[in-house]
1. Could you say which residue among Glu51, Glu22 is at pLDDT 85 or above, of a type in the set (Asp, Glu) and within 16 Å of the ligand (Cβ to nearest atom)?
2. Just to be sure before I move on: is Lys44 free of Cβ contacts under 8 Å to residues at least 40 places away in the same chain, out of contact with any helix residue (DSSP H, G or I) (no Cβ under 7 Å at 6 or more places or on another chain) and within 14 Å of the ligand (Cβ to nearest atom) in the structure I sent?
3. Test Cys73 against the criterion of being at negative phi, of a type outside the set (Phe, Trp, Tyr), in contact with a Lys or Arg (Cβ under 7 Å, 6 or more places away or on another chain) and surrounded by 14 or more Cβ atoms within 10 Å (Cβ to Cβ), and give yes or no.
4. Can you find a residue in region 66-87 that is within 16 Å of Ile12 (Cα to Cα) and more than 11 Å from the ligand (Cβ to nearest atom)?
Amino acid sequence: MIEKKSQEEVLIPPDLDQCQAEIPNGNTFMTFGGVPGMVRCKNKPTHIAHEPLRKDGKKRGSMSLCGSCLAVCSKQMSGVIFEEIKR
Ligand SMILES: [Zn+2]
């Protein structure tokens, strides 16, 4: 029997050197050869965002965010806990 990997084993640790948010790359469906989609933000992160506490007790995910992505995230998500990165 093959054991399924639980979700906490595949969580990516926060990257303290590059913001982990994905932002639109500026291309629309009329791409003229460009690729629409999301690209990883290239800014240096200032905060770590932690997922809200889960009732089922599963490990929470976390990711690094730069100042501008943090502003977007705090507007769109509720319950996210932000922790400042101390350098
Ligand atoms: Zn960012």
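1. Glu22
2. Yes; evaluated as a whole, the condition is true for this residue.
3. So Cys73 does not fit the description; no.
4. No; the residues of region 66-87 include none that is within 16 Å of Ile12 (Cα to Cα) and more than 11 Å from the ligand (Cβ to nearest atom).
The values are calculated or read from the model by the stated rules, or taken from the named source; none is laboratory data. Keep in mind it's a predicted model, so treat the numbers as computed, not measured. Glycine also receives a Cβ, built like all others from the backbone with ideal geometry; neighbour counts cover every protein chain displayed.
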